[in-house]
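Below: one structure, written as structure tokens.
The values are calculated or read from the model by the stated rules, or taken from the named source; none is laboratory data. Note that this is a predicted model, so its numbers are computed, not measured. Positions of Cβ are generated from backbone atoms using ideal geometry, with glycine treated the same way; all protein chains shown enter the neighbour counts. SASA here: full protein model, heavy atoms, side chains in, ligands and nucleic acids out. Shrake-Rupley method; radii C 1.70, N 1.55, O 1.52, S 1.80 Å.
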Amino acid sequence: MEQQEITLMKGNEAIAHAAIRCGCDGYFGYPITPQSEILETLTKLKPWETTGMVVVQAESETASINMLYGGGGTGKRVMTSSSSPGVALMQEGFAYMAGAEIPGLIVNVQRGGPGLGTIQPSQGDYFQATRGGGNGDYEVIVLAPSSVQEMADFVDLAFELSFRWRTPAMILSDGVIGQMMEKVVLPPFKARRTDEEVISQCPWASTGRTPGRQRNVITSLELDPAVMERHNLHLQEKYAKIRASEVRYEESLTDDAEYLIVAFGSAARIAQKAISEMRREGIRVGLLRPITLWPFPAERIAQLADGVKGILSFEINAGQMVQDIRIAVEGRTPVAHYGKMGGIVPTPEEVASSLKSLLMR
Amino acid sequence: MTQEIIIAGFGGQGVLSMGKILAYSALMEGKEVSWMPAYGPEQRGGTANVTVIVSDEPISSPILSTYDTAVILNQPSLERFEPLIKPGGTLIYDGYGITLPPTRTDINIYEIDAMDAAAEMGNPKGFNMIVLGGLLKIHPVVQLENVLKGLRKTLPERHHHLIPANEEALRKGMEIIHADKQ
């Protein structure tokens, strides 16, 4: 079967193919390294001629995110992609979407910062993704792929989660996973939803005059504090349900581990190699890879903390996720961080020697 | 078996596409493969490199600090990557433009005069395929027939008439690669 074919492509290309295949209705984006292949691939594949998916090169990232607000508000599966400084420009839109309970997918293929920074890989946007730069009490569901296969698989998953919970979802990748090529099996084709399906599945959406219901209002504005408080309480209840039911992670070699590395995305790949080298030396190290960065697998990390002599948070940044680990661990075991910045990607050897020097003293 | 390979040279020499063809060929053989380019403001005349890992096992890190094999096509890349070859590993280089040849004695060094051969064959663009042929002679990570299949997959159809010339270049590389004189 054509759709089961194993092929070789870049992570960015996989995102574009997966978007078309999972029934995405529209893409709005502005080019930026290291993720421009997403827009390039979509333009090359011309999905508007096949599935009817719309592809727009917007005039800016601010325009893209507001197109997402509009498209998501009509119940359509819409997405945008950018890299770190471009995603910074979109932050206001995330808060508006979260407040108005609009689904949508944002892909961030991270590069080094702050500011324009560098075009080389980084994981410096962990805070940007999980803490948000938008205003108010809101959360964004964040998925962190660590392979080209997951780049492809998480597009549909992110849409599903985003619509299930009516909140924006993000795929937080980086220049390593975006630019590398490896094997991928693309997901099977799924048709775009018809207008009737959107109306029945998204009764909240702005779908034009629809018999049998009052008009739907899509807004994050409410001037009556009592109503606004109720809305906030509703959002917090929803976030609590997401925390309880949507945590995803992967573990390897944690059963007998004396030390634990927590790493996500490309860093988890590097950590895996470091771990197999340390295991060869007789040091029993395991890996926990958060797949959802929000909701964070805090509970599982807390359980594992009791059985290990120390935890290393390996991130390609100055130490961001390490804060969430420390909150989870509550001082029960030492937690150290190792990482590099500025577009420098640490090697497996550096990860192994940092674990030894930071935790095995 | 795992082969961790770095291919490095000038931008425009076909470094990335050589890696891509190697990666596609390995995929044809059902192997695990990763292709990680040094991306950025690379341009013709600047330096370019790509890490290709071919393995029977799932590949963890696509980023490496040491390599089993280095395929080196210019002086700056030789200086950067010669120290990063694992002891007992392989260095393949084109002597063209190399003023300070490799000096290590704990690795296997091969020379391939691909630049000259490509000029002689009247096929300067076949340079990277000559080098790939040399690499495959020393380390048959993939079969020649699968390289040709890989070419059919990576080249747009309008360029398929160039496949015989590429095959000739691959065979030339297998023929002319030789152990370093030192």
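Just list whichever of A:Lys183/B:Lys20; A:Lys273/B:Lys86; A:Lys183/B:Lys137; B:Lys125/B:Lys172; A:Lys44/A:Lys76 have alpha carbons separated by over 18 Å in the model shown. A:Lys183/B:Lys137; A:Lys44/A:Lys76, as the Cα separations exceed 18 Å there. Less than 5 angstrom separates the built amide H of A:Gly310 from those of A:Leu260, all sequence-distant by 5 or more or on a different chain.
For A:Val56, the accessible area of its heavy atoms, probed at 1.4 Å with every protein chain present, is near 50 square angstrom. Counts of other chain beta carbons within 10 angstrom of each beta carbon in peptide A:335-344 average 0.
Between the residues B:Pro101, B:Thr69, A:Leu39, the greatest Cα displacement towards the positive end of the dipole of the protein assembly as shown, with unit charges on the Cβ of Lys, Arg, Asp and Glu, is found for A:Leu39. Here's the picture: charge each Lys and Arg Cβ at +1 and each Asp and Glu Cβ at -1 in segment B:1-102, and of B:Ile6, B:Leu16, B:Gly45 the one pushed furthest to the positive end of that dipole is B:Gly45.
Counting Cβ atoms of other protein chains within 10 Å of each residue's Cβ and taking the mean over peptide A:178-187 gives 5. Estimated at the nearest 10 Å², the accessible area of A:Lys46 is 90 Å² with a 1.4 Å probe.
Please work out the Cα convex hull volume for segment A:98-236 and give it in Å³ per residue. Write down the numbers at each step before the final one.
Details: hull volume 18.9 nm³, N = 139.
Enclosed volume per residue, from the Cα hull, is 136 Å³.
Cβ under 13 Å from B:Glu120's Cβ, B:Glu120 left aside: what net charge do those residues give with Lys, Arg +1 and Asp, Glu -1? That works out to -3. Dimensions of the protein assembly as shown based on its C-alpha atoms, expressed as ranges along the principal axes with the largest first, amount to 85, 60, 41 Å.
In Å², what does the accessible area per residue of chain B work out to with a 1.4 Å probe?
Numbers: 7970 Å² over 182 residues.
Per residue, chain B has 44 Å² of solvent-accessible surface.
Relative to one another, the C-alpha centroids of segment A:169-193 and segment B:1-55 are positioned 21 Å apart.
Direction-averaged shadow area of the convex hull around the Cα atoms of segment A:20-135, nm²? List each step's numbers first, then the result.
Details: hull surface 27.6 nm².
Approximately 6.9 nm², given one-decimal rounding.
In segment A:6-199, a dipole from Cβ-located charges (positive for Lys and Arg, negative for Asp and Glu) runs towards its positive end, and of A:Ala58, A:Val148, A:Tyr138 it is A:Val148 whose Cα lies farthest in that direction.
Over the whole of B:20-33, what's the average partner chain Cβ count within 10 Å per residue? Rounded to a whole number, please.
Values: counts 2, 0, 0, 4, 3, 0, 2, 6, 2, 0, 2, 1, 2, 4.
So the per-residue partner count for this stretch is 2.
Here the Karplus relation 6.51 cos²θ - 1.76 cosθ + 1.60, evaluated at θ = phi - 60°, turns the backbone of segment B:54-63 into coupling constants of 10, 8, 7, 10, x, 8, 7, 6, x, 10 Hz, with x for every Gly and Pro. The solvent-accessible area of A:His337, taken with every protein chain present and a 1.4 Å probe, is close to 40 Å². Reported to the nearest whole Å, the Cα centre-to-centre distance from segment A:52-75 to segment B:90-150 is 48. Normalise the Debye intensity by I(0) for segment B:70-152, one equal point scatterer per Cα, no solvent, then take log10 at q = 0.20, 0.21 Å⁻¹ and round to two decimals. Here log10 of I(q) over I(0) equals -0.95, -1.02.
Taking other residues whose beta carbon is less than 15 angstrom from the beta carbon of B:Val147, and scoring Lys, Arg as +1 and Asp, Glu as -1, yields +4.
Near the amide H of A:Met9, within less than 5 Å, lie the amide hydrogens of A:Glu182, A:Val184, all on another chain or at least 5 residues away, with H placed in the peptide plane. Ordering A:Glu150, A:Glu49 by accessible surface, largest first, gives A:Glu49, A:Glu150; the 1.4 Å probe counts only protein heavy atoms, with every chain in place. The reciprocal of the average 1/r between distinct C-alpha atoms defines the Kirkwood hydrodynamic radius, which for segment A:251-359 equals 13.4 Å. Relative contact order of chain B: 23 percent, from C-alpha pairs under 8 Å at least 6 residues apart in sequence.
Simple point charges give the picture: +1 on the Cβ of Lys and Arg, -1 on the Cβ of Asp and Glu, and for chain B a dipole about the Cα centre of about 400 debye. Of the residues A:Phe159, A:Phe127, ranked by 1.4 Å probe accessible area with the largest first, the sequence reads A:Phe127, A:Phe159.
Using mean Cβ contacts within 10 Å as the protection proxy, how do A:218-225, B:69-76, A:279-286, B:8-15 order, highest first?
Result, highest mean Cβ count within 10 Å first: B:69-76, B:8-15, A:279-286, A:218-225.
Across the protein chains, with a 1.4 Å probe defining accessible surface, the residues B:Ile177, B:Ile7 rank B:Ile177, B:Ile7 from largest area downward. Dividing the helix sum by the residues of chain B, where each DSSP H run of 4 or more adds -39500 (n - 2.57), gives a mean residue ellipticity at 222 nm of -11000 deg cm²/dmol. Listed by chain and number, the aspartates and glutamates placed with their C-alpha closer than 20 angstrom to that of B:Lys149 are A:Glu2, A:Glu5, A:Glu182, B:Glu29, B:Glu32, B:Asp56, B:Glu157, B:Glu167, B:Glu168; residues fewer than eight positions away on the same chain are left out. Taking each DSSP H run with n ≥ 4 as -39500 (n - 2.57) and averaging over every residue of chain A yields -13000 deg cm²/dmol at 222 nm. Taking other residues whose beta carbon is less than 12 angstrom from the beta carbon of A:Met90, and scoring Lys, Arg as +1 and Asp, Glu as -1, yields -3. According to the square roots a ≥ b ≥ c of the eigenvalues of the Cα gyration tensor, what is the shape class of segment B:2-179, taking rounded for a/c under 1.5, prolate for a/b larger than b/c otherwise, and oblate for the remainder? Taking the square roots of the gyration eigenvalues as a ≥ b ≥ c, segment B:2-179 is rounded.
Counting Lys and Arg as +1 and Asp and Glu as -1, each charge on the Cβ, what is the dipole of chain A about the Cα centre in debye, to the nearest 20?
On the way: 35 positive and 42 negative charges, 27 e Å.
So the dipole magnitude of chain A works out to roughly 120 debye.
In this structure, the amide hydrogen of A:Ser173, modeled 1.01 Å from its nitrogen in the peptide plane, lies closer than 5 angstrom to those of A:Asn108, A:Val109, A:Gln110, counting only residues at least 5 positions away or on a different chain. When only Cα pairs below 8 angstrom with a gap of at least 6 residues are kept, chain A shows a relative contact order of 18 percent.
Give the whole-number value, in cubic angstrom per residue, of the convex hull volume spanned by the C-alpha atoms of segment A:6-199.
Numbers: hull volume 18.7 nm³, N = 194.
Given the Cα convex hull of segment A:6-199, per-residue volume reads 96 Å³.
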